[in-house]
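Quick notes on the structure that follows.
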C-alpha cells in the first residue's frame, strides 16, 4: 500500500466540519429522543450540504466525514452514515424514476432511509436470508413475507432497501434480489428495539407487502451484488467512525492524565500511564492509515477492495474498543458516570465490531481473499531466466514506487 497523508484542503475541511458538529449538530443531538430517529438532526445534515456530499464524492471523503463527526458528535455521524447506507443502493442501482423520487428528499434531509439486510437467523451471512418474495400472478410482481431485525432507522424510515429471496433457497446469494420499499406499503409493520447504545434500531415484519418490477434495485437475482457493492464502500468508513471515537478518547485521556495529580505528581509522569497512552496513540494512527488506504483503493478501482475494506474495519473497530476501554481505566470512576464522554463512547464503541459484518466475518473474508490470491499466484508461470544459483524461496525484486497521480499528497 502507498504511503498516505491528507492534503491541506482536506485537513482544513475536517477541522471546519468538527467545528460545525460542535456548534450546530451536537445541540440537536442532545435534544433528540433516545432510540428514535432525530429528524431535526437529519434535516441539519441536509441543510449544511453533508448529505449531498455523500453522493458527490468517494470512499475517502466519506471516511473523513465520519471520522470528523465521530470525534465530536457520534449521533450526527450515525445519522449521516445511515442515510448513506440506505440510499446508496438507490443512487448506484436505482432506476431514473427511483432516483428522482428519493434522492432529492434524502439530500435535503426530508426523507429517512433504511438498509434491511439482517434477519433473526441471517445476520452477517447475507446469502442465508429467508425473507421471501413470492410471485404475484395478479400483478406481475411479488409479495414479501418474513422479518428483518436490527435494522437502523426502523420502523421510522420513509423508505427501505430490502433484500429478499426471489429464487430457490439452495441458490444462495444468486437467489437474492433488492427492492426499494416505501414505508407506507400495506402489510409492512415494525417495532423499535431497546439497544445498548440508544440508536433508532428496530424490527420489520413483511406480511404480503406488494412490490413490483419497478421497485427492483438492479436486476432480479442481483441483490447480493447490490449489498456487497454498498458494504464494500461503507466498511472502510465504519473503521473511520471507530477511529474518530478512538481519537476522542485519546484526546480526553491526554488532557486528563496531564492534569490529574496522584502519588506526588501528575499521572502523565507515571511510566505505566505514559506507555499506555503511547500504545493508544500508535494503534489509533495505524488504524487511521489502514482505513484511508482502503478507501483510496476503492476510489481508484484497485484490486483487493473487499480484503482491504475488511482489514480496515477489523483493525479500526478492535482498536477503538481497546482505546476507549483503556481511556476509561485511566480516568477511573468518573468515566463510568452517565453523561461523561467516555461513558457515552463505551456504549457506542461496542456495536461497530458487529454490524456490517462482525470481526470474525472480516477475518474470514480476509483469509479467503488471501488464499484465493495465493492459489492464483501459484498457477502463474515465473517469468525470466531460472535462478542460476538454484536458491529456494529467495529473490530480489527491484523497488519501484507506485504512481499516485491524482491521489492526495
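We did not get these values from a lab; they are worked out from the coordinates using the rules stated. Bear in mind the structure is a predicted one, so any value in this text is a computation, not a measurement. Every residue, glycine among them, receives a Cβ derived from its backbone with ideal geometry; neighbour counts consider all protein chains shown.
Normalised size of the range 113-220, defined as Cα radius of gyration per 2.2 N^0.38 Å with N residues, equals 1.01.
How fast does the range 232-333 diffuse by Stokes-Einstein, in µm²/s, taking the Kirkwood radius from C-alpha pairs at 37 °C and 0.692 mPa s?
It diffuses with D of about 230 µm²/s by this estimate.
Note on the chain: helix-only mean residue ellipticity at 222 nm, from DSSP H runs of 4+ residues weighted -39500 (n - 2.57) and normalised by residue number, equals -16500 deg cm²/dmol.
Only alpha carbons enter this Debye calculation for the range 8-107, each as an equal point scatterer, and the log10 of I(q)/I(0) it gives at q = 0.22 Å⁻¹ is -1.15. Here each label is just a point 7 Å from Cα along the line to Cβ, and for residue 185 and residue 47 those points are 3.3 nm apart.
So if each residue of separation counts as 0.36 nm, and I subtract the Cα-Cα distance between residue 193 and residue 156, what length gain in nm does that give?
This chain segment gains 12.1 nm when fully extended.
Subtracting the Cα-Cα distance of residue 214 and residue 300 from their residue separation scaled by 0.36 nm leaves 27.8 nm.
When both the range 191-261 and the range 63-125 are represented by their alpha-carbon centers, they are found 8 Å apart.
Which length gain, in nm to one decimal place, applies between residue 373 and residue 24 when the Cα-Cα distance is subtracted from 0.36 nm times their residue separation? Can you show the working numbers first?
Working: separation 349, 0.36 × 349 = 125.64 nm, distance 4.73 nm.
Residue separation times 0.36 nm, minus the Cα-Cα distance, leaves 120.9 nm.
Spin-label model, residue 363 to residue 130: label points 7 Å out along the Cα-to-beta-carbon direction sit 2.8 nm apart. With bins 10 Å wide beginning at 0, the percent of Cα pairs of the chain falling in each bin runs 5, 20, 29, 24, 13, 6, 2, 0, 0.
Here each label is just a point 7 Å from Cα along the line to Cβ, and for residue 100 and residue 138 those points are 3.0 nm apart. If R0 is 25 Å, the Cβ-Cβ spacing of residue 168 and residue 207 corresponds to a FRET efficiency of close to 0.65.
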